[in-house]
Amino acid sequence: MTNADRFTHAVAACLAYGTGIDAHSLADVVHQVLSDAPHAPSRTVLEKLHRTVTERLRDAGLPEEAHRVALVYGGATKIKGYVFEAPALPEIRGASGLLEWVNDRHLPAIWRETLGESLGESCIIYAGGGSFLAFAPAARGAELAGRIEQAFTRQTLTANSVAVAATFSLLELRYGRRPLDFWAEEFLERWRAPQLRAELETYYYEPLPGSAAATLTDHDICATVPGQALNHDERAAVRRFLNRKQFGELVTILATMFNRRRDERAYAGAPRYLSLYPMLPWAERCGSSDVRPAEWRGAVADETRAYSEPSARKRYVGQLIKRDDDAQTRWYTSTFAWRAPDALRDRSWETRWEEFLEQKGADTPYRRAMDQQPNVTPPRDLNEIGAASRPDRYIGVIYADGNNVGRLIATLSTPDDLRRTSEHLSTAAADAVFTALAHCLQPVEVRRKRQRAVVHPFEILTIGGDDLLLIVPGSRAFDVALMIASAFERLLAQRLPAPVSVHASNAVHTRYTRATPVTQEPYTPSVGLSAGVVIAHESAPIFFLRDLVEELLKRAKKLARRYAAQGYYGGAVDFMVLKSVTMVADSVEAFRKAALHDESDRRLTARPYTWHEFAGLLETVRALKRATFPRSQLYRLRRVMETTPGVIASAMEYLYTRVRQTSLSDTLIDHIEQAWQPSDATLRRPVTPPWLPLAHRAYETIWPDLAEMYDMVSVVVEEQEWSISSLISKC
C-alpha cells in the first residue's frame, strides 16, 4: 500500500470511527477528494464536489455532523533550555535522547494504543524533528492532544510541550481552510484594494518554482475565475492564492494555534500545567540544574553527585545511550521507579552511527580506523572530544538548519507530500552528518584514570528533520560543517529535484573566483543548509556557546535569503573562534562592531560566506600554511587594519609585506588578490588588496577571518582528493 492509499484509508477510518460503518465504503469518497480533485477548480466545481462528497457520505450512513476529521499537531517547546540546563555532557546527551524518544517513538505508541495498531500507525503523517502531526477521529482529537502534553511531562518531568487539535472537512484537507467561504473571487476583490495587498502578499506568497501552483498554465488560472478577464498581475495573484489553499495551509493554522497555546497556556484546549519544583531554603540544590531540590546524593561514574529526579533521569538515559551496564546504572534503578524503554537504547545515535559504518560507511577512513581500534565508546565529557583537536582542548559546536523549509511545507498539496518531504529531510540530514563524520574524523585514544580508552570524538545532540546540532573537535569543525552542508544539499537535490529556473552551484557570482568541490561537481540545490560554527576551549560554558552558535546561524540565513532572491537556494555559514570566553560579552553583532570595527563603510570581516566561498576560505588558509606564512605577519597586518582608518594605509602595508616576503609573493597574489574579487562584476576595478570594494564606497576584507581561523585549520586534509558525489553515492 502506498502512503497516499494509506492516508486515504486512515481518513476514511477516522470518519467511520465509532459509527459502526465499514471504513472501506468511504475510501472511494476520500480518494476522490485527496487524490483525484483538480488543482485549480472554479467555485462551481468546488460546490459540485462538495455536494457529491456530502451526498456519498450521507448515503453511506454517515451523519453530516460526523463529516470531519481531526488533525493533531504537537511537540516540545523551549527544547534547548531543557537539553542545555546542565553543563555536563552526559546529562545533555540524556536530555536530547529522551526528548527524541518521546517525540519519535512514544507519541506514535499513544496513537496505536488509543486507536488500535493498524489505524494508529496509518494516521501518523510524521513524527520527528521535535514535531508530531497525525490524523485522528474528530471526537478524539482534543483528548489525544492532551495526551501528548501529558506524555512529555510524565517522561521528562520538566520539559515544556504543546499540542493542539482542530477538525476539518474533506474539502479542507485538499483546499485549505473554508474554501467555499473564501475562494479566488473573494481573494481577487481584496487583492485589487491597494490597502490590503501588502498584507495579502505576506500570507499568499509566491509559489516555489516547480511546485504544483507554479506548473499551472495561464488557462488553468483563468478557469479558476470564469467570466473575468485577468491581466498578468491578477493571474500571478491567483497563482499565489492557489499555492496556499492546499493541505499545507492547515499545517500553518495548526502551527499558529500551537504558538498561541504556548504563549497563552489556555488557548485551544484545556489549560496547560507547567512543572514546578519549588526550591525550599533548607533543601540541597540539584548539582545539575541548580534550580531544583536534590532528591538523591551518591556516586555516579566515580564522582559524587546530588540530583533531582528530572536531572537523574537525564543522567540515567545518557548512560543507557552510552551502553553502560546494570551495575553502572544501579545508583538510579535502586532509587527511582521510572525506567527507560529498550527502544530508547536501541535507536540512539550511537546505534545508528554504528549501523551506518557497517553498511553505507563500510569503506570510510573512520571505519578502517575502527578495525584497528576495537571497543570504541562514546565520549564521557567534552575533554575527550577536545583531545582529538590540534591544537588540543578545543571543541567545535555546529548548529545547522534548512532554509525556507517552513514555506516549502506550507505549500504541499497532500498529506502524502508532507510525509515524503519530511522523510527526505530527515534521511538527508542523518546521512550527511554520518558521511562527514566518517570522512573527517577518526577514533581518538584518551586516558581515564590511568586506563586507556578509545572514544568517538564527537557528540550528536540532535538531528531532527532539517535541524542538527553536534559537537566535534575544534580543528575539524570547519571541514565537518562544509561536508555536511555539501552532502545535505546534494542528497536533497536528488530526492527533491529543483526546478529548471533555479541556478546551479557553479552558476552563481560569489567573491571566490576559483573552483572548489562545490563547483567542480555542480548541483542545483532545492533546499539549502545554513550553519553557525563556534570553536572554543572545552571549558567554555555550553549554554553560552549554544546562544552564540544560534545567533551565527541567523546571520548565515540572512545571506542565504539574499541569494535565494537571485535564484540560488544554497546555504551559507558564519563562524567564530574564541580563544577565551571573555572575548564576547554581548551579541555577535555587538562584539564585531567593537572588536572588528564592523561599520557600514569598512568591515573588518567578510562573514557570512556561501559554502563555495567558505571552501575557498579554507583553501586560502591552507595555502598560507603550506607556504609557511609567518603567523606574526598575519596578526600584524590585522592590527594595522584595526588601528588605521580607511583602507589605503593597510593596503600599502599589505603590499610592502608581499614585496618583502619574496618567497610568499606568488602565494599572496594567487590566493588573495586573484582568488578573491567582489561578487558584483561592476566593482571589479583595480582594487586595494586585501580589501574588497562594496557598493557606496564601502569595503570589506577576509584578512581578520583568515587570522581568526588560522590555528584551527589543518594543512593536510585526510581525503584531499575527495569527491562528494562518490561519498554520498551509497546514501
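Whole number please: convex hull volume per residue, Cα atoms of the range 349-727, in Å³.
Normalising the Cα hull of the range 349-727 by residue number yields 148 Å³.
Among LEU180, LEU418, what is the fewest-to-most ranking by other Cβ atoms within 10 Å?
Ordered from fewest to most neighbouring Cβ atoms within 10 Å, LEU180, LEU418 come out as LEU180, LEU418.
Per residue of the range 274-284, in order, report the coupling 6.51 cos²θ - 1.76 cosθ + 1.60 (Karplus, θ = phi - 60°) as ³J(HN,Hα) in whole Hz, putting x for Gly and Pro.
Along the range 274-284, the couplings run 9, 5, 9, 10, x, 8, 6, x, 8, 7, 6 Hz.
Just flag the chymotrypsin sites (Phe, Trp or Tyr not before Pro) in the range 236-302 sitting in loop per DSSP whose Cβ has no more than 14 other Cβ atoms within 10 Å.
Here the sparse-neighbourhood loop sites are TYR273, TRP282.
So for HIS612, HIS232, HIS424, fewest C-beta neighbours within 10 Å to most, what's the order?
Going from sparsest to densest Cβ surroundings: HIS232, HIS424, HIS612.
Give me log10 I(q)/I(0) at q = 0.10, 0.11, 0.14 Å⁻¹ for the range 387-525, Debye formula, one equal scatterer per alpha-carbon, no solvent.
Taken in order of the listed q values, log10 I(q)/I(0) reads -0.43, -0.51, -0.76.
Over the range 184-244, what is the relative contact order in percent, taking alpha-carbon pairs closer than 8 angstrom and at least six residues apart?
With pairs under 8 Å counted, the relative contact order is 47 percent.
For the chain, what does the helix formula give at 222 nm: sum of -39500 (n - 2.57) over DSSP H segments with n ≥ 4, over the residue count, nearest 500 deg cm²/dmol?
Helix contribution divided over all residues of the chain: -14000 deg cm²/dmol.
Residue-wise, which Karplus ³J(HN,Hα) couplings in Hz belong to the range 26-43, taking 6.51 cos²θ - 1.76 cosθ + 1.60, θ = phi - 60°, and x for glycine or proline?
9, 4, 5, 5, 5, 5, 4, 7, 6, 10, 9, 5, x, 6, 10, x, 7, 4
Please give me the summed charge of the neighbours of GLU354: other residues whose Cβ is under 11 Å from its Cβ, Lys and Arg +1, Asp and Glu -1.
Every neighbour counted, the sum reads 0.
Name the residues whose placed amide hydrogens come within less than 5 Å of the amide hydrogen of ASN160, ignoring near sequence neighbours (fewer than 5 apart) on the same chain.
Result for ASN160 returns THR77.
For the range 298-311, in order, what is each residue's ³J(HN,Hα) by Karplus, 6.51 cos²θ - 1.76 cosθ + 1.60 with θ = phi - 60°, in whole Hz (x at glycine and Pro)?
x, 9, 10, 6, 6, 9, 8, 10, 10, 10, 7, 5, x, 6
Only Lys, Arg, Asp and Glu count, each charged at its Cβ (+1, +1, -1, -1), so figure out the dipole size of the chain about its Cα centre, rounded to 20 debye.
The dipole magnitude comes to about 1420 debye.
When the label point is put 7 Å from the Cα of ASP680 along its Cα-to-beta-carbon vector, which residues of the range 688-709 have a backbone N closer than 14 Å?
692-700
Fewest Cβ neighbours within 10 Å first, please rank CYS286, CYS123 accordingly.
Lowest to highest Cβ neighbour count: CYS286, CYS123.
What's the local net charge at GLU284, with K and R +1, D and E -1, over the other residues with C-beta under 15 Å away?
Overall, the nearby charge balance is +1.
Rounded to the nearest 0.05, what FRET efficiency do GLU143 and VAL500 give with R0 = 51 Å and r taken as the Cβ-Cβ distance? Could you check?
0.60
Taking Rg and Dmax of the Cα atoms in Å as the quantity of interest, determine which of (i) 38.4, 124; (ii) 28.1, 92; (iii) 25.9, 82 was computed from the displayed structure.
(ii)
Of LYS80/LYS322; LYS360/LYS558; LYS558/LYS625; LYS80/LYS558; LYS245/LYS557; LYS449/LYS579, which sit over 25 Å apart, Cα to Cα?
Going by Cα-Cα distance, LYS360/LYS558; LYS558/LYS625; LYS245/LYS557; LYS449/LYS579 fall outside the 25 Å limit.
Bear in mind these aren't lab numbers, they're just calculated from the coordinates by the rules spelled out. The model shown is predicted, which means the values in this text are computed figures rather than measured ones. FYI the Cβ positions are ideal-geometry reconstructions off the backbone, even for glycines, and counts take in every protein chain you see.
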